[in-house]
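Here's the structure we're looking at; comments come further down.
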Amino acid sequence: MLSDGEGLYPLLEPGQFIPGQASSLAPGLHRLVVPNPGPMTGPGTNTYLLGEREVWVIDPGPAMPVHGEALLAAIAGRPVRGIVVTHTHGDHSPLAAWLHERTGAPRFGRLARHAAYQDPTFVPEVIPEDGYVLDTEVGAVQLLATPGHASNHMCPWWPAAGVLFTGDHVLQGVTPVILPPDGDMGEYLASLACLQTLPLRAIAPGHGGLITDPHANLAALVAHRLKREAKVLAALGALAGQGVVPVEDLLPLAYDDVPVAMHGWARYSLLAHLLKLVNEGRALCSGVAPVGSEPDHRRFGISAP
């Protein structure tokens, strides 16, 4: 069951996720949880260690030295082959610079199209193309481009174990927020469709526990997004007599099943749905996109049949 807070965790489970303690999830795979629990991060951001004799670090996390020291303790002097970042949001990538300085390991990650909400400290040594393969001691790991939540999002795919590391593209129990202008709802759904073709056994998300019914979870995410899209279209139709209207007028109609306290974050995903509909010719948009921190004054309406 997905919580529809558009990226907000309604309940935290701190007892199941103890920061600083490495949890063994599979042979050659361990997880450390960052001590940053909250409504956007759930129990905390997950950092994964892949390998036994030598280690690959996936999503080092925010710039919290206490987590860095826990990581170094878990690595225990083993060589670090690389630091892989699924995307450059502030709870996933900033510690990469700290870890790079202490281990010399190269950083692998892509750069975002837009600076909004991104980590400006991330400077990768390797910018992988879609499908780039990492040679690890536990088998090849393929870096799959999965734009949507962020334009530079990647999901490392470990075929030998059937495990997909999804960062914020797929989460446990909640629907990821899509943040325009960098996030894109059309790209998000296209990326989900690509992931559905993989022979998955488990999903290792950026927050929360392992997802052991991966295909059902992916199908639920797609169904949820299409259901929300239908509500957005219905809201546009209900206000069609007013011409083009601001996002704030559509929000209480399209998200009438979401607590008002969560509408601030839901607004971002609503905007992403609207922009997808505009790109498909099913909605109209007037006005220009905001620059920097200016408020968004664009207005939206339903397209004529």
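The values are calculated or read from the model by the stated rules, or taken from the named source; none is laboratory data. Computed from a predicted model, the values in this text were never measured in an experiment. In this analysis, Cβ positions are derived from the backbone assuming ideal geometry, glycine residues included, and neighbour counts consider all displayed protein chains.
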Check your understanding: Just wondering, is there one or more residues in segment 70-83 that are free of Cβ contacts under 8 Å to residues at least 24 places away in the same chain, at positive phi and surrounded by fewer than 22 Cβ atoms within 10 Å (Cβ to Cβ)?
Key -> yes
Result of the Cβ filter at 7 Å on segment 28-52, keeping first residues that are on the phi > 0 side of the Ramachandran plot and partners that are part of a strand (DSSP E or B) and surrounded by fewer than 24 Cβ atoms within 10 Å (Cβ to Cβ), at least 6 apart or interchain, is Gly51/Thr136
Note: among Ala216, Ala234, just one is surrounded by fewer than 17 Cβ atoms within 10 Å (Cβ to Cβ), more than 28 Å from Ser93 (Cβ to Cβ) and assigned by TED's automatic domain parsing to the domain that holds Ile18, namely Ala216
Just to be sure, is Ser93 under 20 Å from His30 (Cβ atoms), touching a Lys or Arg at 6+ places or on another chain (Cβ under 9 Å) and either surrounded by 20 or more Cβ atoms within 10 Å (Cβ to Cβ) or of a type in the set (Gly, Ala, Ser) (or both)?
yes
Within segment 153-181, the residues that are in a loop (DSSP other than H, G, I, E, B) and buried (at least 23 other Cβ atoms within 10 Å of the Cβ) are His153, Asp168, His169, Val170, Leu171, Pro176, Ile178
Of (1) more than 23 Å from Leu95 (Cα to Cα); (2) buried (at least 23 other Cβ atoms within 10 Å of the Cβ), Ala140 fails just (2)
In segment 228-261, anything of a type in the set (Val, Ile, Thr) and without any contact (Cβ under 8 Å) to a residue 12 or more places away in the chain is listed as Val260
